[in-house]
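Comments concern the structure below.
Values in this text are rule-based calculations from the coordinates and carry no lab data. Every value quoted in this text rests on a predicted model; they were computed, and no experiment measured them. Neighbour counts run over all protein chains shown; Cβ positions are idealised from the backbone, glycine included.
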């Protein structure tokens, strides 16, 4: 058990890992150790040995991930509760999720040939994601890696956006991180212009259109997907709020 500020942190077990680090389940106790809460702690620890310049760049990206995510206070964005960016192995603590949208869609969606998730449920999930992305855009952030794996589900039924590793702050004057490559994101969700390193709110909107396609909604929502995934950014929805308004119109709200 380790002491950090007014808390004690007790590692429980590893619950996930990736190229740039891993996530563990932890118990966080108050100073007197009379109360504990379960959280997830994400560590920066690459699974390969990068060059010195590459390592510095990755560390900077991790720090920006924590800094940007910690600035976002919205019910549909995963909050960060504490962090230690000066540690030999930097880390941050966040809410621990029950599952993610990818697992729910592809592992539990069909039961004996029937849809387990109702359209109403899927639309509720969609609205939560859209509200979270709208908040990011309104505060000058592009997520740049919207996908079902990065939409986490919590026990109260709330879905929240996670993984700010590729987030871009449009208001930042700091030097961009470029050595890792201009083309960033997950292929399936990438808008065509990303091939040229061009990002905008419409790039996130394209990814949201692909996410809608995964939700497998009824045909009346196809027009939303078609517009969101237009090849040219200018032909897509010009804001997430515009996208929400059109969905509400189709729903009859």
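In whole angstrom, how far apart do the alpha carbon centroids of the stretch 201-218 and the stretch 1-50 sit? Using only Cα atoms to place each centre, the spacing works out to 33 Å.
Over the residues of the chain, the helix contribution to mean residue ellipticity at 222 nm works out to -10000 deg cm²/dmol, using -39500 (n - 2.57) for each DSSP H run of at least 4.
Each of 154, 48 was scored by other Cβ atoms within 10 Å of its Cβ. Listed from fewest to most, they are 48, 154. Cβ crowding within 10 Å ranks 124, 156 as 156, 124, fewest other Cβ atoms first.
Using only Cα atoms, tell me the angle between helix 119-138 and the longest principal axis of the chain; keep it within 0 to 90° and round to the nearest 10. Rounded to the nearest ten degrees, it is 70. Put in order of Cβ neighbour count within 10 Å, fewest first, the listed residues 26, 12 become 12, 26. The listed peptides 57-68, 14-25, ordered by packing as a protection proxy, come out as 57-68, 14-25 (highest mean of other Cβ atoms within 10 Å first).
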